[in-house]
Amino acid sequence: MEIGLVTDGTCDLPPEIVEKMNIEVVDVHLTTEEGEPVHLQGKAYYEFLRNTKKRLFTSQPSVGQFVETYNKLGKIYSSLLSIHLTAARSGTIQSAEMAKEAIPDLDITIIDSKQTSLGLGLLVLEAKRLIDLGKSKAEIINNILSIVPKIKTSISLDTLEFALKGGRVEGLKLIVGTILNLKPILSFQEGIPKVKEVIRGRINSLERAFEVFKSDLDTALKECQEVTVGIAHADIPDIALDIKNKLLTLFPNIKIIETYAGPALGAHAGPGAVGLFLVPCART
Amino acid sequence: MKALNLTTLIRMIERAYDELSLHKEEVNILNVFPVPDGDTGINMVLTLQSSVNEIMKTNPLSIKDFSLALRRGSLMGARGNSGVILSQIFLGFTQAFDEKEEIDNDILKKAFKQGTDVAYRAVMRPVEGTMLTIIKAMSNKAQTVESNNIEDTLIASIEAGEEALKKTPDLLPVLKEAGVVDAGGLGLIYVFKGMLKAFDGKKPHKKKVPEILTLQQEKKIVEEELEYLYCTELLINNPKKTIAELEQALDLIGGSLLVVGDESLIKLHMHTNDPDKVLMLALNTGEIQDIKIDNMRIQHGEYIIKNHINHQESKKEWGIVVVAQGKGLEEIFKNNGADMIIPGGQTMNPSVEQIITTLNKLNTNKILFFVNNKNITLAAEEAIKYIEEKEVCLVKTTHMIEGINALLRFNPDVSPEENLLRIDEARKEIQIIDITKAQRDGSMNSIYYSYGDYIALFGKDEIIAVSKDLRDIVVKALEKLNIKNGSLITIYAGEDLEEDSYLKEELSRKFNAEVEWYYGGQPHYLYYISIE
């Protein structure tokens, strides 16, 4: 093997997949106001999120973390592909770039997924698939870059509270302070999570998010042979499963990964959110 | 103090950490750039913490070892943009320390400069009005201090930093809009104030930075005396001089110097009164390109004008006018984006003149006008004919509740055509029932009612239910519709009606729906009920 794969902790890929596929994950940091690190996962994390009155802060990996990771992998691989969450909303890529500059002898390519969570995770898996197929590095990079603008997301929030505290979503201003109980649906546009629609009612919002995603999926399937789908939920496993089953009924042949949204997306979307991601596969 | 030794340097970093920790919340609150996530303070604190830890761990015996530990600790622990920039400032500072055994004022001045340069170079697209601006201002001031006392230099540069901080909103519109100064910049000032506390002597004697700096007044338009008149920028290909040599030479010709690049290409930015000398020097260094010389006095004036226009433009492209009746409903419209309300509805139609006056009052070029009642459509169409120089887009909603849903779907970022489509869609997704009291005896579709009975109207004013009980009429009317599981039922209660939580619960249970209750305050209609 000669191309090593690096991503960051916001990719939300289940640990067993990451381990099996030899993907190196650089941790992002989650801390309380006091700077205490938070290391909880899954349900426990969301319990904590619901109960804590304090703000949580996410921040990019340090340059040092990247230097260490790159140096470690540099001993095994001749070149590295480092795919990360959107540079428009995080400095992770900047940290990675600085680490790359610090080790000029290593061949490192850094790619902005313009996504997070499974939008990033599934893109990394696609890169892995291409590596395993023995594609050349240039070919892999071209393929991945051409997939990035085709990734679709539809995220339904149950509460505005966390998105407002986190401050990374665009377009919330329009609905802040409204007395109506509104549920926004977000999507990533050029790497920025934006409010695409506001819907009244929880069920209506989930249905609308599904409808939007379904039509994106229809379009994507017409254009590509294959897509993979990710469902990342913030502690609503039943609803996520329901969505998965509905999708499988409509599209029996697609591959779906369903998982808890990691602490980073979770802290910004808040409990009860669900994100739907589709990543087209490269033609091979 | 004439020079800093190892012990003082270590104490300075520790004090910087203490001081910033103390003020981190204040810094967090200001954070709006580049991403308003309120973590600048904590990121900078964590970066410093990592520096302190690394210094503790390595227990340096020389300034050189201290420098290495500070660089490593801050770089490895750098969190967030502000943390990264802070680490680069430290990197530059310590590069100037080199292998010295003591840091005197001359070295400190160089350190300021080096710290600023490295920080600017590290950022792919340096933005003014940020930490970078502050460190630059501090550094420039430090260069002018004539005393050989270290504290004098630090105090002078902190004061210059505070001055620069106050001006950050003028450099970065997002700060101005939020009414704050730059968070990272404030953090940086606390870092240096902390450092100063490592000496027992003097403290910054000027007023301290207020708790949260907000802009109370409009920017005063002052014709400032500019030290340098021309902003000069150019690129030099295959330079024969190094960045350092250029900096040294250019330093004598002007200020705000920024020379970045490598052996193949150098970018030069500076403020000077002698752009000809700059060009000459550049020509003697290599082939030049992309030359830009701006008169900053004119620029300054233009900036003010542009800023003013931007401010107005950014305010709004679309104005939204709605016809509404009822205190609660007016409130709902307003906080969902309506700029003006024309009072009126079923029983009180606004006049053409009233509509014209309101539409003219709004100072946007485009107006979205929700009529919310079919009895008002004609008057609205007539009124629009008299509106000049404004594009009025009439949305023929037939009910206030339909109007609310339509308004929620409006998105100023998409085309008017798409907006009309979205609005139309929203109207189709909702069903509305009106509950009112019969004003006389009568019948409709073989439904008989007497004076004073509650009646439920649906669609084109069709009576679908009658009852003598207010709760009962709501349930009966909803039963007539085919309500899907998980629907949202919203009740807008009429004038002086309070929330009926018993009814809410009953509806939620009976129809397996989400139920929301708002005060509408409309006259004559006890409830407007929407189902979506």
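Observations on the structure shown:
- Single condition B:Gln248 does not satisfy, out of (1) outside any helix (DSSP H, G or I); (2) modelled with pLDDT of 65 or more; (3) open to solvent by 40 Å² or more (accessible area, probe 1.4 Å); (4) of a type in the set (S, T, N, Q): (1)
- Taken over segment B:165-195, residues that are within 11 Å of B:Met131 (Cα to Cα) and either part of a helix (DSSP H, G or I) or more than 15 Å from the chain's Cα centre (by Cα) (or both) amount to 9.
- Selection from segment B:46-87 of residues that are at the interface with another protein chain (Cβ under 8 Å from one of its Cβ atoms), hydrophobic (A, V, I, L, M, F, W, C) and not in a helix (DSSP H, G or I): B:Ala78
- Test: residue in segment B:461-471 that is more than 14 Å from chain A (Cβ to nearest Cβ), farther than 23 Å from B:Thr347 by Cα and crowded, with 18+ Cβ neighbours inside 10 Å: yes
So that you can scan it fast, the table gives a plain yes or no per residue for (1) farther than 19 Å from B:Asp117 by Cα; (2) modelled with pLDDT of 75 or more; (3) surrounded by 12 or more Cβ atoms within 10 Å (Cβ to Cβ):
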site	(1), (2), (3)
B:Gln217	yes, no, no
B:Tyr230	yes, yes, yes
B:Asn237	yes, yes, yes
B:Asp262	no, no, no
B:Leu268	no, no, yes
B:Ala282	yes, yes, yes
B:Ile293	yes, yes, yes
B:Gln299	yes, no, yes
B:His308	yes, no, yes
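- Checklist (1) open to solvent by 10 Å² or more (accessible area, probe 1.4 Å); (2) in contact with a Phe, Trp or Tyr (Cβ under 9 Å, 6 or more places away or on another chain); (3) of a type in the set (A, V, I, L, M); (4) closer than 24 Å to B:Gly73 by Cβ applied to B:Val123, failing item: (2)
- Exactly one residue among A:Arg50, A:Arg55, A:Arg89 is away from chain B (no Cβ under 14 Å) and not aliphatic (A, V, I, L, M), and that residue is A:Arg50.
- Some residue of segment B:432-455 being hydrophobic (A, V, I, L, M, F, W, C) and within 12 Å of chain A (Cβ to nearest Cβ): no
- Just one of (1) assigned to a loop (DSSP other than H, G, I, E, B); (2) more than 26 Å from A:Glu190 (Cβ to Cβ) fails for A:Lys114. It is (2).
- B:Val27 being surrounded by 24 or more Cβ atoms within 10 Å (Cβ to Cβ) and either of a type outside the set (Phe, Trp, Tyr) or not in a helix (DSSP H, G or I) (or both): yes
- Residue within segment B:439-450 that is within 15 Å of B:Leu526 (Cβ to Cβ), touching a strand residue (DSSP E or B) at 6+ places or on another chain (Cβ under 8 Å) and either small (Gly, Ala, Ser) or surrounded by fewer than 18 Cβ atoms within 10 Å (Cβ to Cβ) (or both) present: no
- Residue within segment A:155-175 that is at pLDDT 85 or above, in contact with a helix residue (DSSP H, G or I) (Cβ under 8 Å, 6 or more places away or on another chain) and at the interface with another protein chain (Cβ under 10 Å from one of its Cβ atoms) present: no
- Scan of segment B:488-513 for residues that are within 41 Å of the chain's Cα centre (by Cα), within 21 Å of B:Thr436 (Cα to Cα) and within 14 Å of another protein chain (Cβ to nearest Cβ), ordered by number: B:Ile489, B:Thr490, B:Ile491, B:Tyr492, B:Ala493, B:Glu499, B:Lys504
- Restricted to segment A:22-38, and to residues there that are in contact with a strand residue (DSSP E or B) (Cβ under 8 Å, 6 or more places away or on another chain) and open to solvent by 60 Å² or more (accessible area, probe 1.4 Å), the residue that is nearest to A:Ile3 (Cα to Cα) is A:Asn22.
- Of the numbered criteria (1) within 14 Å of chain A (Cβ to nearest Cβ); (2) assigned to a helix (DSSP H, G or I); (3) in contact with a strand residue (DSSP E or B) (Cβ under 9 Å, 6 or more places away or on another chain), the one B:Asn336 fails is (2).
- Filter result for the condition that a residue is in a helix (DSSP H, G or I) and under 25 Å from A:Ser62 (Cβ atoms), over B:Thr94, B:Thr153: B:Thr94
Yes or no, residue by residue, for (1) closer than 27 Å to A:Arg283 by Cα; (2) more than 14 Å from chain B (Cβ to nearest Cβ); (3) modelled with pLDDT of 95 or more:
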{"site": "A:Val198", "(1), (2), (3)": "no, no, no"}
{"site": "A:Ser205", "(1), (2), (3)": "no, no, no"}
{"site": "A:Arg208", "(1), (2), (3)": "no, no, no"}
{"site": "A:Thr219", "(1), (2), (3)": "yes, yes, no"}
{"site": "A:Cys224", "(1), (2), (3)": "yes, yes, no"}
{"site": "A:Ile231", "(1), (2), (3)": "yes, yes, yes"}
{"site": "A:Ala234", "(1), (2), (3)": "no, yes, yes"}
{"site": "A:Leu241", "(1), (2), (3)": "no, yes, yes"}
{"site": "A:Ile256", "(1), (2), (3)": "yes, yes, yes"}
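- Among the candidates A:Ser62, A:Ser79, residue that is within 25 Å of B:Met76 (Cα to Cα) and within 14 Å of another protein chain (Cβ to nearest Cβ): A:Ser62
- Taken over segment B:472-487, the criterion of being open to solvent by less than 90 Å² (accessible area, probe 1.4 Å) and either in a loop (DSSP other than H, G, I, E, B) or within 14 Å of chain A (Cβ to nearest Cβ) (or both) is satisfied by B:Leu481, B:Ile483, B:Gly486, B:Ser487.
- Test result for A:Gly266, in a loop (DSSP other than H, G, I, E, B), open to solvent by less than 10 Å² (accessible area, probe 1.4 Å) and farther than 18 Å from A:Leu123 by Cα: no
- Residue match in segment B:389-402 (condition: modelled with pLDDT under 90, more than 28 Å from B:Glu495 (Cα to Cα) and within 14 Å of chain A (Cβ to nearest Cβ)): no
- Among the residues of segment A:47-71, those that are part of a loop (DSSP other than H, G, I, E, B), among the polar types (S, T, N, Q) and crowded, with 22+ Cβ neighbours inside 10 Å comprise A:Gln60, A:Ser62.
- Residue check for B:Gly41: open to solvent by less than 20 Å² (accessible area, probe 1.4 Å), within 14 Å of chain A (Cβ to nearest Cβ) and touching a residue at least 60 places away in the same chain (Cβ under 8 Å): yes
- Selection status of A:Gly134, open to solvent by less than 10 Å² (accessible area, probe 1.4 Å), out of contact with any helix residue (DSSP H, G or I) (no Cβ under 7 Å at 6 or more places or on another chain) and either within 14 Å of another protein chain (Cβ to nearest Cβ) or closer than 28 Å to A:Phe66 by Cβ (or both): no
- Of everything in segment A:221-239 that is out of contact with any helix residue (DSSP H, G or I) (no Cβ under 7 Å at 6 or more places or on another chain) and closer than 20 Å to A:Leu123 by Cβ, the residue that is least open to solvent (accessible area, probe 1.4 Å) is A:Cys224.
- Considering the conditions (1) within 14 Å of chain A (Cβ to nearest Cβ); (2) free of Cβ contacts under 8 Å to residues at least 40 places away in the same chain; (3) not in a helix (DSSP H, G or I), B:Val127 is excluded by exactly one of them, (2).
The values are calculated or read from the model by the stated rules, or taken from the named source; none is laboratory data. Keep in mind the model is a prediction, meaning the values are calculated, not measured. Note that each Cβ is placed from the backbone with ideal geometry, even for glycine, and that neighbours are counted across all protein chains shown. Please note that ligands, DNA and RNA were not included when accessible areas were found on the heavy atoms of the full protein model with its side chains. Shrake-Rupley method; radii C 1.70, N 1.55, O 1.52, S 1.80 Å.
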